[in-house]
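Undergrad: My questions all concern the structure below.
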Amino acid sequence: MNSWASVAIPPLDKRFSTPPLSLWDTARAGSYPLPDKDLYRIYVCGITPYDATHLGHAATYLTFDLAHRYLRARGAEVRFVQNITDIDDPLLERALRDNVDWRELAQSQIALFRGDMVNLHILPPDHYIGVVEAMELVIQSITTLASRSSTYEVDKDLYFSVHADSDFGSRSHLSQEKMLEIFAERGGDPTRIGKRDPLDALLWLGHREGEPSWPSPFGEGRPGWHIECCAIALHYLEPETSSDTSIDIQGGGSDLIFPHHEMSAAQGKILQGREFASHYVHSGMIGLEGVKMSKSLGNLVFVSKLVSSGVDPMAIRWALMESHYSTDRSWSDSGLLKASEWIIRLRRALSMMETAPTDGVIASIISAQADNLDTPKSLQLIKEWVLASELGAEGGSPGELSRALDAILGLAL
Ligand code: 5CA
Ligand code: ZN
C-alpha cells in the first residue's frame, strides 16, 4: 500500500545535545531509556479503515511521530512500519450496512487517512502494509506457529494457544478476571465451546458464507486480528538476529494493551524465540465529554472535517500536545480555540526581527521531549518564549527555533 508524502526534517544544530529518549514501557510499568543505537525499529498499529480518522487516531499517530522525530533528530535511522486492518469484522459489517464493496470502503477511508496524516505533518511509515496484501506472510506465520505446537482447531477455525508463551500476560499485567472481561469486549470469544483456554485467540477463521476468503494450508478462510501485526512487523522491520528482542517499540493506543498487543507479542515470541519488543508504548484514549471516542459509539470528531472547515492542522497538533500522551483526555472546542490563538501568536513571534533568546528554549524542549515526550512542558516553554518576545526581549534566532519546532515537535509554521 502506498504510504503518504515524505516530510523533510530540518536539521538541528550539532551544539544541541540530545539525551537518549526515555519512554514509558507498559510491560515494565516504568520509564526506561531506549539504548543508544544507529537504527530503531518501530511498529505502530494502524487503522481499521471503515470510517474516517478521528482525533483519537490522530493523537495516537502524533505520539509515535514525536518519538520518531526525536530519534531522527538524534541522528539515528528509524525503520517505521504500520499496518492497515483492511479485512476484519467491523469493515465487513459496515460495508454490508452501507451496501458498498468492502474493498472500496477500505480504499476510500485509507485515502482520507493519508490526507489527514499529511495535514497533521506526520512522518510517513517506511512500509504501510494492508493485511490483504500481506496474506502470504500471515499464512506463513500461522504455519510456523502450527509447526511449533501452539495452535489447534475448533471446527473450521484455528486458535493460538496462549499457554505456548510462558510469559503470556507479562506485558499487560491484568488479573485473569479482567483479561476475560476485556477479551470479550474487544473481539474475543471466551465462551466458545471447544477452546482449550477461554483466552486462546483466533488465528484463522474458516470460510463463512458470503464473506471473502483466501486459500491456506488450514482451509479457505481469513486471518484473526492479532497475527497480522506480528507477521507484518517481523517481516518488514527485518529484526536483527543478535538482539534480545525483535523490535524496539510496539506502539498503539492503550485500548490495544490487551488483548491485541499481548497476543501479538506472545505469537511473536513463539515465532522468533525472544521477546517481541523492548518497549510496549501506549497512547491514552481521547474522549469527547468524558467518553472514549470510538467508531462503535459514534461520538467522533473527524480530522478531515475540522480541516475542511478551516481549522489549522497545526492547531490540532498543538491542542493534542497540550496534555501528556500517556493520559486519557478529552477533546474540546475551547482547547482547540486556545491552540489556534497560540499558533497565531507563535507564527507572529517567529516572524519578528528581534525575539527572546532561543538556545535555552530549544535545549529545554529537547530535554522535555527526551523525558517520555513531555509535550505539556515543551508547549509551556514555547508560550514563555512567545510572551518574552512580545514584551521586546532580544537576542534570539527565530529561524533556528522554527527549524527545531518542526524537527522535534512537528510544528511546521
Ligand atoms: N487496526 C487496529 C489495530 S491493528 C485498530 O485498533 N484500528 S482502529 O482504527 O480502531 O485504531 C487505530 C489506532 O488508533 C490504534 O492504535 C488505536 O489504539 C488508536 N485509537 C483508537 N481510538 C482511540 C482513541 N479514542 N484515542 C486514542 N487512540 C485511539
Ligand atoms: Zn495491531
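Undergrad: (1) touching a strand residue (DSSP E or B) at 6+ places or on another chain (Cβ under 7 Å); (2) loosely packed, with under 15 Cβ neighbours inside 10 Å: which one isn't true of Lys14, the others all being true?
TA: Going through (1) touching a strand residue (DSSP E or B) at 6+ places or on another chain (Cβ under 7 Å); (2) loosely packed, with under 15 Cβ neighbours inside 10 Å one by one, Lys14 breaks only (1).
Undergrad: Okay, moving on. If you check Arg41 against the conditions, is it charged (D, E, K, R), surrounded by 17 or more Cβ atoms within 10 Å (Cβ to Cβ) and not in a helix (DSSP H, G or I)?
TA: yes
Undergrad: Within 30 Å of Ala363 (Cβ to Cβ) and in a helix (DSSP H, G or I), is that true of Arg72?
TA: yes
Undergrad: Also, I was wondering about something else. Going by the conditions given, is Ser246 within 12 Å of ligand 2 (Cβ to nearest atom) and buried (at least 24 other Cβ atoms within 10 Å of the Cβ)?
TA: So Ser246 does not fit the description; no.
Undergrad: For Leu91, state whether it is within 16 Å of ligand 1 (Cβ to nearest atom), in contact (Cβ under 8 Å) with a residue 40 or more places away in the chain and not polar (S, T, N, Q).
TA: When the stated conditions are applied, Leu91 passes them.
Undergrad: Another question about this same structure. Of the residues Ile343, Ile366, Ile362, only one is touching a residue at least 60 places away in the same chain (Cβ under 8 Å), surrounded by fewer than 21 Cβ atoms within 10 Å (Cβ to Cβ) and of a type outside the set (Ser, Thr, Tyr); which?
TA: Ile343
Undergrad: Give the residues of region 71-83 that are crowded, with 24+ Cβ neighbours inside 10 Å and closer than 22 Å to Pro313 by Cβ, sorted by residue number.
TA: Of everything in region 71-83, those that are crowded, with 24+ Cβ neighbours inside 10 Å and closer than 22 Å to Pro313 by Cβ turn out to be Phe80, Gln82.
Undergrad: Out of curiosity, is Lys338 among the charged types (D, E, K, R) and without any contact (Cβ under 8 Å) to a residue 40 or more places away in the chain?
TA: Yes, satisfied.
Undergrad: If we scan region 111-121, do we find a residue that is assigned to a loop (DSSP other than H, G, I, E, B) and either among the polar types (S, T, N, Q) or assigned by TED's automatic domain parsing to the domain that holds Gly206 (or both)?
TA: Scanning region 111-121, I find at least one residue that is assigned to a loop (DSSP other than H, G, I, E, B) and either among the polar types (S, T, N, Q) or assigned by TED's automatic domain parsing to the domain that holds Gly206 (or both), so the answer is yes.
Results for (1) under 30 Å from Asp167 (Cα atoms); (2) of a type in the set (Lys, Arg); (3) surrounded by fewer than 24 Cβ atoms within 10 Å (Cβ to Cβ); (4) modelled with pLDDT under 95, shown as yes or no for each residue.
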position	(1), (2), (3), (4)
Gly273	yes, no, yes, no
Glu289	no, no, yes, yes
Lys305	no, yes, yes, yes
Ser309	no, no, yes, no
Pro313	no, no, yes, no
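Undergrad: Could you figure out which of (1) over 30 Å from Leu66 (Cβ atoms); (2) free of Cβ contacts under 8 Å to residues at least 24 places away in the same chain; (3) of a type outside the set (Lys, Arg) isn't true of Glu185?
TA: Glu185 satisfies all of (1) over 30 Å from Leu66 (Cβ atoms); (2) free of Cβ contacts under 8 Å to residues at least 24 places away in the same chain; (3) of a type outside the set (Lys, Arg) except (1).
The values are calculated or read from the model by the stated rules, or taken from the named source; none is laboratory data. Being a predicted model, the structure only gives us computed values, none of them experimental. In this analysis, Cβ positions are derived from the backbone assuming ideal geometry, glycine residues included, and neighbour counts consider all displayed protein chains.
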